[in-house]
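For reference, the structure is listed below as structure tokens.
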Amino acid sequence: MSAELLSRLAAILGPSGLLADEADMVSYAIDWRRLFPGRPLCVARPASTAEVSEVVKACRAAGAAIVPQGGNTGLAGGAVPDASGAQVVLSLNRMNKVRAIDPVGLTISADAGCILKVAQDAAAEAGRLLPISLAAEGSATVGGVVSTNAGGVNVVRYGMARALVLGLEVVLADGTVVDMARQLRKDNAGYDLKQLFIGTEGTLGIVTGAVLRLVPRPRHTVTALLSVPSPQAALDLLALAQDELGDTLSAFELMSGYSFDLLKRHLNLTPPIASGDWFVLLEAGASLSGLREAAEAALAAALENGTALDGVIAETGAQATQLWALREHITDGEAREGKSMKHDVSVPIVDVPAFLEAADIAIAEGAPGAKVNAFGHLGDGNIHYNVVLAPGQDGAAINTLVHDVVARFAGSISAEHGIGQYRVDELLIRRAPAEIALARTLKRALDPDDFLNPGKVLPAGG
Ligand code: FAD
């Protein structure tokens, strides 16, 4: 049966569209964190929506499940096949074009496999901003960003990917093409069906194209790094920044002193300000003048009332890049420190200080010797609460410790990275049975044979 399917796929895709040699499939078979090695039957690389539809029909007829894959930068193992050797990876990497830009209507249309950075650059060339920014943007794709409802550092101002999706083109589990790639700002004509495919990690359909919202490109940007005495002070600083900078505030990142210690010890990176227990990196952007003056006044007020201990505002674009490099290298520093358990959690923004305190106590008592590397998007209540393990420590037990604290604050065990195959079991425990039942109803309605990305988000077989 698999030989028959391979020859059918070769006929649909042509020689450059199908990979079936193990050596050619290595990078498609394992996730970015190298936690979930799989073994695909083959990698199908369609070049058009029509080919995606044909591949889906052929795989369905042969009973071979499909695993959609974009840039394979996902952090939950959602884009890789299982080890059966029977699943087909459907890579969108040959569908990689920007389709159109409308600088007045503020939209960009792109193929699902278009690299996020390529779409950002195209928007910039048109004098506009595609306001999704994440460290994986050089490899992540528009389809992957949509399918994971990605966040990143600009959520505080522009929302998650969902807030930017105006239209989608998708292929369903039976091969039907549904063209909802409309550019409309307002469209209440019936159910908003595109929402079904945003953040559902390729389990309900395959995204083949997207229309995303652009925003005017701010002419002035201010980037500042501050040290603060505590997470509560960082929260007070957020309130101050909201008052003084209003909705120009586009990033508000919290980083612990331990994060900076890792940067110094492993990467020789040091902040240009006096060290503190906690740091905040904030950015604001506006086209009207006066932004820098407002930021300087806010910084002076924070230093005066003790909310901030020290601070610097970047003088040049290069300095701003250096400040961002500190934030972006924290996970590199952590990887060099040793094995860690990563927790991408969210709680209500005002509860972040209390959450950090409670989680630190839980780790100190339940996993003595472990080190907490906490950093992330304070402006969204999203903390990457990573725990570097002491020798011999049980990672699963640490997950439970942290997620129990998240539950006490009615938070989420996955703020932006999704569930993939990494957190399936925990989702079943942490979400109410009624929510899981509703999710299963949706899955059964759109993919009754569990043919699209089985075992991701929900257990295989529903
Ligand atoms: P993939 O990894 O290929 O796929 C991810 C999931 O989407 C899989 O379930 C896959 O099956 C599905 N999928 C992919 N394409 C399609 C499609 N066309 N149709 C249907 N399903 C599809 N994420 C954040 O949210 N915020 C961050 O700040 C962030 N920072 C990161 C930093 C680094 C260094 C790395 C490696 C990752 C980071 N991520 C972050 C995670 C990741 O980059 C995002 O989830 C991204 O959106 C994944 O895009 P991708 O194209 O690589 O998708």
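Would you mind finding the one in 226, 267, 262, 212 that is under 27 Å from residue 117 (Cβ atoms), of a type outside the set (Phe, Trp, Tyr) and in contact with a strand residue (DSSP E or B) (Cβ under 6 Å, 6 or more places away or on another chain)?
212
So that you can scan it fast, the table gives a plain yes or no per residue for (1) under 30 Å from residue 282 (Cα atoms); (2) buried (at least 18 other Cβ atoms within 10 Å of the Cβ):
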residue	(1), (2)
360	yes, no
374	yes, yes
400	no, no
430	no, yes
438	no, no
441	no, no
453	no, yes
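Report yes if some residue within segment 258-270 is within 30 Å of residue 129 (Cα to Cα), not in a helix (DSSP H, G or I) and not β-branched (Val, Ile, Thr); otherwise report no.
yes
Can you tell me which residue within segment 130-165, out of those that are farther than 28 Å from residue 235 by Cα and outside any loop (DSSP other than H, G, I, E, B), is farthest from the ligand (Cβ to nearest atom)?
In this case the residue turns out to be 165.
Checking the condition aliphatic (A, V, I, L, M), more than 24 Å from residue 149 (Cα to Cα), within 13 Å of the ligand (Cβ to nearest atom) and not assigned by TED's automatic domain parsing to the domain that holds residue 111, which residue from 80, 55 passes?
Going through 80, 55 in turn, the sole match is 55.
I need the full set of residues from segment 418-446 which are of a type in the set (Val, Ile, Thr) and within 16 Å of the ligand (Cβ to nearest atom), in order please.
419, 424
Got at least one residue in segment 198-206 being hydrophobic (A, V, I, L, M, F, W, C), near the ligand (Cβ under 8 Å from one of its atoms), in a helix (DSSP H, G or I) and more than 20 Å from residue 280 (Cα to Cα)?
No, that holds for no residue.
Of the residues 318, 314, 297, only one is surrounded by fewer than 20 Cβ atoms within 10 Å (Cβ to Cβ) and either within 26 Å of the chain's Cα centre (by Cα) or of a type outside the set (Gly, Ala, Ser) (or both); which?
318
Residue 181 - would you say it is within 10 Å of the ligand (Cβ to nearest atom), surrounded by fewer than 24 Cβ atoms within 10 Å (Cβ to Cβ) and either modelled with pLDDT of 95 or more or not assigned by TED's automatic domain parsing to the domain that holds residue 380 (or both)?
no
Hey, can you tell me all the residues within segment 402-423 that are outside any loop (DSSP other than H, G, I, E, B) and surrounded by fewer than 18 Cβ atoms within 10 Å (Cβ to Cβ)?
The answer is 404, 407, 408.
Hand me the list of strands (runs of 3 or more DSSP E) wholly inside segment 1-120 holding 2 or more residues that are of a type in the set (Val, Ile, Thr).
Filter on segment 1-120 gives 66-69, 88-91, 98-102, 107-111.
I'd like to know if segment 221-233 contains one or more residues that are under 23 Å from the mean Cα position of the chain (by Cα), at pLDDT 95 or above and among the aliphatic types (A, V, I, L, M).
Scanning segment 221-233 turns up no residue that is under 23 Å from the mean Cα position of the chain (by Cα), at pLDDT 95 or above and among the aliphatic types (A, V, I, L, M).
Taking residue 124 as the residue in question, decide whether it is surrounded by fewer than 19 Cβ atoms within 10 Å (Cβ to Cβ) and either without any contact (Cβ under 8 Å) to a residue 60 or more places away in the chain or within 14 Å of the ligand (Cβ to nearest atom) (or both).
no
On the basis of being free of Cβ contacts under 8 Å to residues at least 40 places away in the same chain, farther than 22 Å from residue 372 by Cβ, loosely packed, with under 15 Cβ neighbours inside 10 Å and within 29 Å of the chain's Cα centre (by Cα), does residue 268 make the cut?
Judged against the criteria, residue 268 is a match.
Looking at 131, 103, which is the one that is at pLDDT 95 or above and under 23 Å from residue 377 (Cα atoms)?
Being at pLDDT 95 or above and under 23 Å from residue 377 (Cα atoms) holds for just one of 131, 103, which is 131.
The values are calculated or read from the model by the stated rules, or taken from the named source; none is laboratory data. Computed from a predicted structure; not experimentally measured. Backbone-built Cβ (ideal geometry, glycine too); neighbour counts: all protein chains shown.
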